[in-house]
Structures are given as structure tokens and as C-alpha cells.
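The values are calculated or read from the model by the stated rules, or taken from the named source; none is laboratory data. Quick caveat, the model's predicted, so the values are computed rather than measured. With ideal geometry, Cβ positions are generated from the backbone for all residues, glycine too; neighbour counts draw on all protein chains shown. Calculation scope for accessible area: heavy atoms of the full protein, side chains included, ligands and nucleic acids excluded. Shrake-Rupley method; radii C 1.70, N 1.55, O 1.52, S 1.80 Å.
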Amino acid sequence: MTTIDVFNHNVPAESDFGYSQAIKSGALIHVSGQLSFGEAGEFLHAGDFAAQLKQTYANMDKILEHYGATRNQIISQILYLVNPRQNAAAVAEGNLTYFEPLRV
Amino acid sequence: MTTIDVFNHNVPAESDFGYSQAIKSGALIHVSGQLSFGEAGEFLHAGDFAAQLKQTYANMDKILEHYGATRNQIISQILYLVNPRQNAAAVAEGNLTYFEPLRV
Amino acid sequence: MTTIDVFNHNVPAESDFGYSQAIKSGALIHVSGQLSFGEAGEFLHAGDFAAQLKQTYANMDKILEHYGATRNQIISQILYLVNPRQNAAAVAEGNLTYFEPLRV
């Protein structure tokens, strides 16, 4: 049987909504939507999209650390954002920084 | 070669849009978006979000049954909804009921 | 260790945003959002949704070709579109054409 390895940030949203931040099943780790949350689950950087993205990726790093994984092992990501035209440059900058060097 | 095991509710949307409700490929079952549909594919519970969510999970259960799987084996779910602020409490209640006991 | 096999269309968006069109990891190929783009990454068929969908699937075919895969091996797809009521018939027509014969 496949071993299930669950990870949480221990923030209220997890018990409020009944979900975990990540589950490893077989060779794949499925990660829930990461947000611009601080350690107590408080929303950070209102109005500053670039800072929100940076915080979101910092939370992603905690998940990678737990599983001993690296950014180079991320094979798929869906990024939901508001105002895509306005925030496109910040997305580009944030992704290029986070995933450097590119695997293209 | 991997065996493909497909499941359908036999509702018109499947043949209209050319998709199946679920496909098992290897160890993973990929499930299409479940909806608040009745057995004939008719939309149920207009205006009652909590009832729609319950119906949606009932349809999910039919898929799990077909594959002999349980709710505890669901490793990832994306829930799309309208008016998230207004419906957050119903989502929390619905998820906590469906996935009880929590795997956090 | 799992071999990573990456594919790109070599359009500006890939280096601008730091992503690849597809990554094969293990038995699964994860494909990024395909669009109504031409070979230079230019947006095609403005105002003609059916033609955009056809172009999007043509780009998908290039990815399948690279991996020696077929349409019948696609196990999951998320289709994002604007004006779903207005474009539903074109989605149905496009999917039924692309995925024929049905696996229902």
C-alpha cells in the first residue's frame, strides 16, 4: 500500500476548511494553493502583489523542505492571480527568480 | 501497457462535450468536474449552495464506488465556486463533513 | 532517478515567464496551458473562438508528437474559456472533433 505523507503549516484555514497543505502519494507530492500568509495564517502584503508572490513562494519552500525536495523537482504549477495584465511583469520576475536556472 | 478504466454517469453532457467523468490510468484516477446534477443530468438545488455541494459530493461518491476507492484516498481536489465570501462557511461545513476524519 | 524530458515551442513567453510547455516525469507528461499562438508566439484568430480552439489543439498536437503520444492517451484536460454560454457549442464541436472516437 502507498504511504501517505501529509504536511501542514498549522494555520487555522486547514482545520476550518478540512484540508492539508500537501500530500505525498507514491512519487508525487500534491500541494494545495499557497498564499501570502504569515506563520499564524494572517494575510500579508495587502496591495503589494510582488511581495505577496515572494511570500507565497517562501511558504512553498517550507513544503519542499519537509519532503527534502528542490525547486527543480516542481513539474507543474497553476498560478491564480487578479489583474493579470497589471501583474504580469511581477509574475515573470517572481517566477524567473524562483525557478532559476530555467529548464527550457 | 497501462489499462484505461473509464467511468460515466451516462448524462447528456458527456456525449455533448466528448468527455468522461473519470479515467483510471496506472495508480491514479483523474475525475472530471462534478456538479449538482441529478441522475438525468438535470441541474438541482438552484440558489442553495450547501445543497449543491452535497449533491456534488454524492456524485463523487458514485465514482469512488465504481473504483472501490474511499474518500480517504482522495489526494487532490479543486473546488470552483461563485461568491466565495458568501459561500465560505458552506464550503467549510461541506468539506469537513465529507472528509471526516481529517488527515491533518 | 526519474528522467525529465522537457519540450518547448520556442516562443518568447517561455523565457519571459520562465516556464516550459511540457515536462515528462515518470509515465506522466504535464502540459502547460496551450493557446491560440502561431509559431512566433503571436496571438491568432482574435474574435473567432472556434478557430482559436483549433489552433490551440494544433499546438497540443506538436507536444504529443514530440513525446510519440496520441490524443487517446490524454487523461485529463482543463479548458479555460471566456463567455462559456456563448462558446459552449464551439467547445463541444472542438472536443468531439479532437477526441474522436469517444472513450465513453
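Results, tabulated for the structure shown:
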{"quantity": "Restricting segment C:28-40 to residues that are touching a Leu at 6+ places or on another chain (Cβ under 9 Å) and of a type in the set (Gly, Ala, Ser), the residue that is nearest to the other protein chains (Cβ to nearest Cβ)", "calculated": "C:SER36"}
{"quantity": "Test for A:GLN86: is it within 14 Å of the chain's Cα centre (by Cα) and modelled with pLDDT of 95 or more", "calculated": "no"}
{"quantity": "Unmet requirement for A:GLN52, which otherwise passes all of (1) at negative phi; (2) open to solvent by 50 Å² or more (accessible area, probe 1.4 Å)", "calculated": "(2)"}
{"quantity": "Residue count for segment B:55-104, restricted to those that are part of a helix (DSSP H, G or I), more than 9 Å from every other protein chain (Cβ to nearest Cβ), open to solvent by less than 70 Å² (accessible area, probe 1.4 Å) and among the aliphatic types (A, V, I, L, M)", "calculated": "5"}
{"quantity": "Any hit, segment C:13-27, residues being more than 12 Å from every other protein chain (Cβ to nearest Cβ) and modelled with pLDDT of 95 or more", "calculated": "no"}
{"quantity": "Residue check, A:GLY33 open to solvent by 40 Å² or more (accessible area, probe 1.4 Å) and more than 26 Å from B:THR97 (Cα to Cα)", "calculated": "no"}
{"quantity": "Among residues of segment A:37-54, those that are outside any helix (DSSP H, G or I) and not aromatic (Phe, Trp, Tyr), counted", "calculated": "10"}
{"quantity": "Within segment A:14-36, tally of residues that are assigned to a helix (DSSP H, G or I) and out of contact with any helix residue (DSSP H, G or I) (no Cβ under 7 Å at 6 or more places or on another chain)", "calculated": "2"}
